[in-house]
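Chemist: Okay, here's the structure, questions in a sec.
Every number in this text was worked out from the coordinates using simple rules, so none of it is lab data. Please read all numbers here as calculations on a predicted model, not as lab measurements. Note that each Cβ is placed from the backbone with ideal geometry, even for glycine, and that neighbours are counted across all protein chains shown.
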Amino acid sequence: MILIYAVLLALCFMIVLVMNELHTPTRHKDESKTEQPLETEEAKTATSSEAVKETDEGTEKDTEKDEDRAKETDQIQGESHEWTDSKQYTKGKTTYYHGKEWQEEIPEEPYRPPVVVVASDTHYFSPDLTDYGEAFQTMVERDDGKVVSYQPQLMDAFIQEMTKLKPSAVVLSGDLTLNGEKAGHEALAEKLHSLEQQGVDVVVIPGNHDINNNHAASYFGKEKTSAEKIDENEFYDIYKDFGYDEARSKDPYSLSYIYELDEKNWLMMLDTAQYQPVNLVGGRIKDETIVWMDEQLKEAEKSGISVLPIGHHNLLKQSILYPEDCTLENYKTAVQLLESYRIPLYISGHLHLQRTKTYKPEPGASEKEFHISEVVADSFTIPPCQYGIVQWKDKGGYTYSTKEADVEAWALEQGVEDENLLNFKEYGSAFLAETISNQIYDKMSSLQDDQMKAMADLYGELNRAYCGGTAINRKEVMSSEAYGLWERFLPDSKMFEEIDQILRDTGNDHNIWDYSAADPLQDISQHDIMVK
């Protein structure tokens, strides 16, 4: 047994030796038996060269494979490209990486010219200031056709419409409130905040009704009572979120400022109201503000920036019927400054009429000279309750068109049951004509009732077209029976003179204005513009 165990142990030992010999590298085996000679420098160099050659050949083969794969990708794309030293190339907006899958870069958004909505003379009145009773109704009947009874609904419809339209900015160009009531300012600002929360920027300026207005009032029962008004500092505090805090530059002498629409376009929001020490109806740009305007226009010109000035009061004499307290007292200075920088357009409100006009310093002035134009936006709260849309052109210039607020769509969506709101266009048109017609009727006497009504209705219809800026066929009006009654019974009256002035002022439609930078001498163009 001892012998058997010895033989087994010997066999195991031999197996271990054999396995160890098989797993030992030959180099190690040779070194253990024979001393190796020292390697010469020439031998080292030759060996290194061969190694590099082998590596390069392997890399070239790998590169050829990568390029073959890239060429296959390029052939699919319909083009071929050479690889750059950085092992990548760019085709269009796509970057291809050597030996890797290509990666799509995020394309840049193409530049889109801005679109601005202008709503002037909103004359908002807070429902907290009235019970809509006798005193309120008397105020409405004596007013110029503002739909004060439905202002909250009108503004809500406007906000919904702007939320869907998503313009670059919504501009309220003065006379934000009925007569500067603090409660009206605060209620309107609350609604404007809701619009900004929907991602629409709002910018405002004051009008002559907004600051230090002693006519601020509330209406309860039969009583009209003075209401709290605001000063310019309170105006800023209430509306600082709507243009002022985002302003690129603020005029230290007024509530004027520069609002930057984008890298190419600015709005010059001008405070033209006079409210220190007392409130005045007429407008004027302060001398210090003129200096500030010049500085801003000079900076814009150097930077290639387009500037659109917007103020409350009119730059030009726009109306034969309303010649006083509408045009800026120092309009010639303002015109001269703006024309020196070749500003093509000024937008205003205040007049409560939709108007367009190009400045001409004197009769027979050369048409080859450059002159500024003005668009006057009518009151948003007077039917047809429309706002203006300013669209910048790709190659420079503007188009201006108007659109009625779609109160009916809002009322239907909200489930409103008031028939006046569900048929607001018809209601508003009739309301305006009837309001003015009743005022004219009350001024007449000593005529048959049906005659006075026909004459008053004609005046109301003409006033409605005048407010909306729509053309009137003068010959057709002058041949009507109602006009004949005016000629027969009241030819020397102030009211008949006003009819003549309206007819002289309404020969054209004033809801379209067009200017191309490529044709700087282009005048107002009457043609259709599609508003999306």
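Chemist: Starting from the Cα gyration tensor of the range 425-505, multiply each eigenvalue by 5, take the square root, and state the resulting semi-axes largest first in whole Å.
Modeler: Equivalent-ellipsoid dimensions as semi-axes: 19, 16, 11 Å.
Chemist: Please go through the residue pairs Lys191/Lys357; Lys395/Lys425; Lys146/Lys224 and name each one whose alpha carbons sit more than 30 Å apart in this structure.
Modeler: Where the Cα-Cα span goes over 30 Å, the pairs concerned are Lys191/Lys357; Lys395/Lys425.
Chemist: Now for a different question. Can you list residues whose amide H is under 5 Å from Ser256's amide H, if they're 5+ apart or on another chain and H is modeled 1.01 Å from N?
Modeler: Hits under the 5 Å cutoff: Asp251, Asp271.
Chemist: When ranked by the protection proxy of mean other Cβ atoms within 10 Å per residue, highest first, what sequence do the peptides 267-274, 329-336 form?
Modeler: Top of the packing list down: 267-274, 329-336.
Chemist: Still on this structure: If neighbour count is taken as other Cβ atoms inside 10 Å, put Ile499, Ile343, Ile290 in order from fewest to most.
Modeler: Taking fewest neighbouring Cβ atoms as first place, the list is Ile290, Ile343, Ile499.
Chemist: Exceeding 18 Å between C-alpha atoms, which entries from my cross-link table qualify? They are Lys443/Lys494; Lys264/Lys286; Lys302/Lys360; Lys240/Lys298.
Modeler: Those over the limit are Lys264/Lys286; Lys302/Lys360; Lys240/Lys298.
Chemist: Using per-residue counts of other Cβ atoms within 10 Å, averaged over each peptide, order 163-174, 448-459 from highest down.
Modeler: Most protected by this proxy first, the peptides run 163-174, 448-459.
Chemist: So, one more: Quick one: go through the range 143-178 and flag any residue whose amide nitrogen is under 20 Å from the point 7 Å out along the Cα-to-Cβ line of Arg248.
Modeler: 167-173
Chemist: In nanometres, what is the gap between the two model label sites at Gln414 and Glu487, each 7 Å from Cα along Cα-to-Cβ?
Modeler: 4.7
Chemist: From the phi angles alone, apply the Karplus equation (6.51, -1.76, 1.60; θ = phi - 60°) to the range 127-138 and give each ³J(HN,Hα) in whole Hz, x where the residue is Gly or Pro.
Modeler: Whole-Hz 3J(HN,Hα) from phi for the range 127-138: x, 6, 9, 7, 10, 6, x, 4, 5, 5, 5, 5.
Chemist: I would also like to ask the following. Give me the extension gain from Lys222 to Leu447: residue separation times 0.36 nm, minus the current Cα-Cα distance, reported in nm with one decimal.
Modeler: Here the answer is 77.8 nm.
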